[in-house]
Amino acid sequence: MATGLCYDRRMASHRIIEGEHPEDPKRISAIYEQIVKCGLVNDPDFLGTSNPENPGLMVRIEAREATEREIGLIHSRDQFEFAQELEDRDDEELIMMTHEADSVYFNRHTFMCSKLSCGGAIETCFRVAQGHVKNAIAVVRPPGHHATPDRSMGFCIFNNVCVSAKALQESVPDIKKILILDWDIHHGNGTQDAFYNDPSVLYISLHRFEKGTFYPNDPKGDSKFCGSGQGTGFNVNIPWTEGGKLDGDYIYAFQKLVMPIALEYNPDFVIVSAGFDAAAGDELGECYITPAGFAHMTYMLMSLAKGKMAVCLEARHQSSWGGYNLSSISDSALAVVKVLMGQAPEKILDPVASPAAAKVVQKCIDIQMRYWRWASERGNGLSLDVRAWQEKILWDKYKMSSAPVMHPSGLVFDNALLMSYKVSKWDEITIVEFNSMISWPL
């Protein structure tokens, strides 16, 4: 089964009227052109790429405008009408509204493009859920994860991923639990708000936080905000305390925290809010995640939900570096596409996490012990110093030491085994498994 691709050049019509803005329409065309030039999609509009006998390796998914009812699954009536009325405003009004808004701009095409972006994400998820494609990527804009149920902000008009998740649950009976993984460098405050009380959606976000001083400057992006009511425990924030994050930091967070929780949650579908502003070259993100880093995160997520996964583009910013920045986003997106299609990720050059990142992840694990059996049993409420003391006693008294185990997903479980120093001399090894929350193929 093939990988799907949703793209519609009409979405580039949403652009700022006056001046420049970091959310540039070129970002989706750059990604699409890179995919076409690699021969993964056939498009006669690109010179030298058209081959009628070879339609391409990816299946095209047609975008459509989301309906008012679909958007209303998440957004208020006032929010929908606000966007709808943009079509009737003149340029002077739209420029004034842009100046007054929170990091978002408007023109007369914004409403149409926002419905098209949202509808494209919905169709992408539907095609995967219904088995038409094995997985898919939606190259759409404007992005969505900052848009709250009542407000457009942070480059976002409607929350594409949230609307898609609700539409899936409403229309596809087998899709009951959804994981939304957000690796955009900014916290998806809108996505968190939409599902904060909802246990049917697990939201995990890795983002710069810095005590709420990094956009969207929302204190609820901290790790202590874990959901409320029935949704308590189903909101997981991994808030970086500084920029400069490398591949090893994100892979460490995935192996130690993201994947254990995701495996225990056992979702029916995975949606990735794929902002590439943590990539090298983004002047706002100020991090250095490589295409290989994004590929490895995608690879691990594909082990969930029988591979049913949709990657939906979020924000990625055009900067004064121009070509390098567009090359960075397109290279990162292409690496994700290749993994979706079945290619193994490239080697990571910086696999070790920084002490600062490891400290953030450990704090998150300590918080998640209250909600997840994996986390509570991993630490059992004991500090690392106590664990180290226990290991010393086991070795001194019984000559036994702990050993890690790697799950097929790539997840590594520290201290998963206790073994004798004589294990290398034995012909047979018996492993006793107890109270396991993770499924292991036999």
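The values are calculated or read from the model by the stated rules, or taken from the named source; none is laboratory data. Quick caveat, the model's predicted, so the values are computed rather than measured. Every residue, glycine among them, receives a Cβ derived from its backbone with ideal geometry; neighbour counts consider all protein chains shown. The accessibility values were calculated without ligands, DNA or RNA, using every heavy atom of the protein model including side chains. Shrake-Rupley method; radii C 1.70, N 1.55, O 1.52, S 1.80 Å.
May I ask you to derive the relative contact order of the chain, considering only C-alpha pairs under 8 Å and at least 6 residues apart, and to give it as an integer percent?
Relative contact order here is 15 percent.
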Notebook entry, point to check: In the set [x] -0.69, -1.14; [y] -1.02, -1.26; [z] -0.90, -1.02, which value of log10 I(q)/I(0) by the Debye sum over Cα atoms at q = 0.10, 0.13 Å⁻¹ was calculated from the structure you see?
Noted result: [x]
Check: By the scheme Lys and Arg +1, Asp and Glu -1, what is the net charge of all other residues having a beta-carbon under 12 Å from that of E286?
Finding: -3
Checklist line | Distance from the stretch 157-222 to the stretch 137-152 (C-alpha centre basis), Å | finding: 11 Å
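Relative to the present Cα-Cα distance, how much length would full extension add between E100 and S401 at 0.36 nm per residue of separation?
Residue separation times 0.36 nm, minus the Cα-Cα distance, leaves 102.2 nm.
Net charge within 12 Å of G221 by Cβ-Cβ distance, Lys/Arg positive one each and Asp/Glu negative one each, not counting G221 itself? Let's see the in-between values first.
Values: positive: R208, K211, K220, K224; negative: D182, D184, D193, E210, D218, D222.
My count for the surroundings of G221 gives -2.
Taking all protein chains as present, what is the carbon and sulfur share of the accessible area of the chain, in % to the nearest whole number, probe 1.4 Å? Mind showing how you got there, number by number?
Working: 10310 of 19700 Å².
Here it works out to 52 percent.
Compute the signed sum of charges (Lys and Arg +1, Asp and Glu -1) over the other residues within less than 13 Å, Cβ to Cβ, of G72. Present the calculation step by step, with values, prior to reporting the outcome.
Numbers: positive: R69, R77, K115, K166; negative: E68, E70, D78, E81, D150, E170.
Charge balance near G72 sits at -2.
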Item checked: Accessible area in the full protein assembly, largest first, 1.4 Å probe, for E314, E286 -> E286, E314
Next item on the list: Determine which aspartates and glutamates satisfy two conditions relative to K245: a Cα distance under 14 Å, and not lying fewer than 8 residues away in the same chain.
Entry: D184, E210, D277, D282, E283, E286, D350
Note to self: Using 0.36 nm times the number of residues separating T67 and D366, minus their current alpha carbon distance, what extension gain do you get?
What the structure shows: 103.4 nm
Item checked: the stretch 84-114-the stretch 240-305 distance, computed between alpha-carbon centres (Å) -> 33 Å
Next item on the list: May I ask you to order 223-236, 193-206, 390-403, 131-144 by the average number of other C-beta atoms within 10 Å around their residues, highest value first?
Entry: 131-144, 193-206, 223-236, 390-403
Check: Can you work out ³J(HN,Hα) from phi for every residue in the stretch 74-89, in order, using Karplus 6.51 cos²θ - 1.76 cosθ + 1.60 and θ = phi - 60°, giving whole Hz and x for Gly and Pro?
Finding: 10, 9, 6, 4, 4, 5, 5, 5, 4, 5, 4, 6, 4, 5, 9, 8
Check: For the chain, what is the mean residue ellipticity at 222 nm derived from helices alone (per DSSP H run of n ≥ 4: -39500 (n - 2.57); sum divided by total residues; nearest 500 deg cm²/dmol)?
Finding: -10500 deg cm²/dmol
Check: Can you tell me the accessible area per residue over the chain, all protein chains present, probe 1.4 angstrom, in square angstrom?
Finding: 45 Å²
